[in-house]
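Engineer: Sharing a structure, written as structure tokens. Questions coming.
The values are calculated or read from the model by the stated rules, or taken from the named source; none is laboratory data. Remember, it's a predicted structure, so these values are computed and weren't measured experimentally. Using ideal geometry, Cβ is built from the backbone for each residue, glycine included, and neighbour counts are taken over all protein chains shown. These area figures cover heavy atoms from the full protein model, side chains too; ligands, DNA and RNA do not enter into them. Shrake-Rupley method; radii C 1.70, N 1.55, O 1.52, S 1.80 Å.
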Amino acid sequence: GIHGEPGAETRTTAPVDELVADLLARMENAAPGYGHFALSPGDDVALVVNGLGATTAMELHVAARAAVAHLEGARGATVSRALVGNYMTSLDMSGLSLSVMRLDPLR
């Protein structure tokens, strides 16, 4: 984690589409110990792809493309905003975080 907490797992290099799909699946997992963020087709969402410090802008944008494709394709959501950059870093830590927020249509 950003403060040295252990992560959910450590793995070898994998295709970005697979990694992003796994991260989003963890968010939607209703099992105990997982964050549960259920998306319904047609939900309007914002996506934040945060670099942890050493991940290049190009790599972050490739991950953003994969996340938007998954959210809009497999989940049927509409990504109205996508923010990509280094917003919360830890020196030169490798990796990224994804945040998905459902947008309120009244605001």
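Engineer: Using a Förster distance of 41 Å, how high is the FRET efficiency between R65 and H36, based on the Cβ-Cβ distance and rounded to 0.05?
Structural biologist: Values: r = 25 Å, r/R0 = 0.62.
Rounded to the nearest 0.05, the efficiency is 0.95.
Engineer: Right, another one. D44's amide H: which non-local residues (gap 5+, or another chain) put their own amide H closer than 5 Å, with H modeled 1.01 Å from N in plane and none for Pro or chain starts?
Structural biologist: Long-range HN contacts for D44: T78, L103.
Engineer: Accessible area per residue, 1.4 Å probe, Å², for the chain: what's the number? Walk me through the numbers before you get to the answer.
Structural biologist: Values: 6780 Å² over 107 residues.
On a per-residue basis, 63 Å².
Engineer: OK, next. Along the charge dipole of region 56-107, pointing to its positive end and built from +1/-1 on Cβ of Lys, Arg, Asp and Glu, which listed residue (M101, S90, V62) has its Cα farthest out?
Structural biologist: M101
Engineer: Related question: Placing +1 on the Cβ of each Lys and Arg and -1 on the Cβ of each Asp and Glu in the chain, which of G53, A77, P15 has its Cα farthest towards the positive end of the resulting dipole?
Structural biologist: Ranked along the dipole, the leading option is A77.
Engineer: If you restrict to DSSP beta bridges whose two residues both lie in the chain, what percentage is antiparallel, to the nearest 5? Walk me through the numbers on the way to the answer.
Structural biologist: Values: 7 of 15 bridges.
Here the antiparallel bridges make up roughly 45 percent for the chain.
Engineer: Still on this structure, I have one more. Magnitude of the Cβ-charge dipole of region 1-85, K/R +1 and D/E -1, about the Cα centre, nearest 20 debye? Could you put the intermediate results ahead of the total?
Structural biologist: Details: 5 positive and 10 negative charges, 20 e Å.
In debye, rounded to 20, region 1-85 gives about 100.
Engineer: Which angle between 0 and 90 degrees, to the nearest 10, do you get for helix 57-73 versus the longest principal axis of the chain when only C-alpha atoms count?
Structural biologist: 30
Engineer: Residues in region 11-29 near a label at A74, defined as backbone nitrogen under 13 Å from the 7 Å Cα→Cβ point?
Structural biologist: Only 15-29 pass the distance filter.
Engineer: Ok, one more. Just the Cα atoms of region 64-107, one point each, no solvent: what log10 I(q)/I(0) does Debye give at q = 0.24, 0.26 Å⁻¹?
Structural biologist: -0.94, -1.02
Engineer: Residue by residue through region 81-86, which ³J(HN,Hα) values in whole Hz follow from phi under the Karplus form 6.51 cos²θ - 1.76 cosθ + 1.60 (θ = phi - 60°), with glycine and proline marked x?
Structural biologist: 9, 9, 10, 10, x, 9
Engineer: Hey, can you rank 5-18, 81-94, 58-71 by average C-beta count inside 10 Å, highest first?
Structural biologist: On the way: 5-18: 9.0, 81-94: 12.9, 58-71: 17.9.
Put in order of decreasing packing, that is 58-71, 81-94, 5-18.
Engineer: Which ³J(HN,Hα) values in Hz, rounded to whole numbers, follow from the phi angles of region 25-35 under the Karplus curve 6.51 cos²θ - 1.76 cosθ + 1.60, where θ = phi - 60° and Gly and Pro get x?
Structural biologist: 5, 4, 5, 8, 6, 8, 5, x, x, 10, x
Engineer: Rounded, prolate or oblate: which fits the chain, taking a ≥ b ≥ c as square roots of the Cα gyration tensor eigenvalues, rounded meaning a/c under 1.5, else prolate when a/b beats b/c? Show your work: numbers first, answer last.
Structural biologist: Values: a/c = 1.63, a/b = 1.38, b/c = 1.18.
Verdict is prolate for the chain.
Engineer: Quick one: if the Förster radius is 22 Å, what FRET efficiency do A14 and R102 give, using the C-beta to C-beta distance and rounding to 0.05?
Structural biologist: On the way: r = 28 Å, r/R0 = 1.25.
Plugging the Cβ-Cβ distance into 1/(1 + (r/R0)^6) gives 0.20.
Engineer: Okay, next question. Run the simple label-point estimate for L83 and N29 please: 7 Å along Cα→C-beta, distance reported in nm.
Structural biologist: Reported label-point gap for L83 and N29 is 2.7 nm.
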